[in-house]
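Taken together, the values in this text are just the output of simple stated rules run on the coordinates, not laboratory data. From a predicted model like this one, the values you see are computed outputs, not experimental measurements. Note: ideal-geometry Cβ built from the backbone for every residue, glycine included; neighbour counts use all protein chains shown.
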Amino acid sequence: MSFEHTSAVVANGTELAVHQTGDGDPLVFVHGGVSDLRTWSGQVDAFAEHFQTILYSRRYHCPNEAIQPDAPDPIQTHVEDLSALITTLNVQPAHLIGHSWGGLIALICAMQRPEICRSLVLIEPPVVSMHVSIPPKISQMIRLFVSSPRLAIGIAKLGGGALAPAEKAFRRGDDKAAIELFGRGVLGDKAFDSLSSERYQQVWDNRGPDRAQALFKGFPDLIGADFSGVECPVLLVSGGESPAIFGLLMDALQTRLPSADRCVIQGASHIVHEDAPEELFSAVLGFLGQIH
């Protein structure tokens, strides 16, 4: 999939590359970090047979205008971009499918603008800041070790083994090392080593926003967040081969969204939609088929 068949849509004061195809109820895909709308290439044709399928590249991601090296990238801006895109295209309420950081954006959008969200499919959103601030305080980690030791160990491993070292690498200007540290932390060694040269290029081309999130502390504060405003049906998806921290985070998120359905796609890493497109399509289609 290329950007050849995208159009520029102005939403929330910025131009976003958008690809639309198919007919039916609107289904908006929100990609994660170090990627762009091309990450959904394995999904678009199948879903377009049933839905008006809308892919977009988030602000600062290819082929949109790049982020400046010294600019922050707050998640709230992306939430407002998503809600503005939905209303600009006049597709509210829309089904939302969000992966990783895009899942976090979709979740916050549903919290703040429930009237424009018909359902949520959240693929391993990194809801770490539901439990601790980023970087975490010692007192927070101690409390988490007491209440949920496996989750605390997982967060400590992700932070100490991936996020903090990646931040240090970005600060010294070594983007290649930062991307590898981050990629191995969220994908695992096997999945990272299996990335095609084309997929790695997509990672490299979209590293700017990840650098900004690392340098300017981009995680939202979700400690004590009120999830009661999320009134739409929710499906939580995780990969069977993804690092254990994501499954633990999904377990914890389900306690905050008790009516949410849960699905584990075996054989898939954190990029579930790329590793197992047919299995994800089947799971999501079944979930959406129950919504009236």
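Quick notes
- The chain, relative contact order [Cα under 8 Å, separation at least 6], %: 20
- Sorted peptide list for 13-22, 205-214, 188-197, criterion being average Cβ within 10 angstrom, highest first: 205-214, 13-22, 188-197
- Restricting the stretch 103-158 to trypsin sites (Lys or Arg not before Pro) that sit in a DSSP loop and have at most 14 other Cβ atoms within 10 Å of their own Cβ leaves 137.
- Aspartates and glutamates with Cα under 19 Å of residue 168, excluding same-chain neighbours fewer than 8 positions away: 70, 73, 180, 210
- Treating r as the C-beta distance of residue 150 and residue 88 and R0 as 35 Å, the FRET efficiency rounds to 0.25.
- Gyration tensor (alpha-carbon) shape descriptor, the stretch 223-268, a/c threshold 1.5: oblate
- Taking Lys and Arg as +1 and Asp and Glu as -1, the other residues whose beta-carbon sits under 13 Å from that of residue 291 total -2.
- Compactness index (Cα Rg / 2.2 N^0.38 Å), the stretch 7-105: 1.01
- Sum of -39500 (n - 2.57) over DSSP H runs of 4+, divided by residues of the chain (222 nm, nearest 500): -13000 deg cm²/dmol
- Volume per residue for the stretch 182-292 equals 133 cubic angstrom (convex hull of Cα atoms).
- Amide H to amide H, with H built 1.01 Å from N, residue 89 comes under 5 Å of no residue 5 or more places away or on another chain.
- For the chain, the Stokes-Einstein estimate of translational diffusion at 10 °C and a viscosity of 1.306 mPa s comes to 84 µm²/s, using the Kirkwood hydrodynamic radius over alpha-carbon pairs.
- Each Cα pair under 8 Å and six or more residues apart adds its separation to the average, and for the stretch 54-209 the resulting relative contact order is 19 percent.
- Cα centroid of the stretch 157-203 to Cα centroid of the stretch 3-49, whole Å: 25
- Equivalent-ellipsoid semi-axes for the stretch 36-156 (Cα gyration tensor, √(5λ), whole Å, largest first): 30, 18, 15.
- In this structure, the amide hydrogen of residue 11, modeled 1.01 Å from its nitrogen in the peptide plane, lies closer than 5 angstrom to those of 16, counting only residues at least 5 positions away or on a different chain.
- Under 9 Å, Cβ to Cβ, from residue 267 - net charge with Lys/Arg +1 and Asp/Glu -1: -3
- FRET efficiency estimate (nearest 0.05) - Cβ-Cβ, residue 171 to residue 251, R0 35 angstrom: 0.60
- Across the stretch 50-62, computed HN-Hα scalar couplings (Karplus, 6.51 cos²θ - 1.76 cosθ + 1.60, θ = phi - 60°) run 10, 9, 6, 9, 10, 10, 9, 8, 5, 3, 6, 9, 3 Hz from first to last residue, x flagging Gly and Pro.
- Calculated from backbone phi, Karplus (6.51, -1.76, 1.60) coupling profile of the stretch 169-179 in Hz, x at Gly/Pro: 5, 4, 5, 8, x, 9, 4, 4, 5, 4, 5
- Beta bridges per DSSP with both ends in the chain, % antiparallel, nearest 5: 25
- DSSP beta bridge pairing in the stretch 1-104, given as percent antiparallel to the nearest 5: 50
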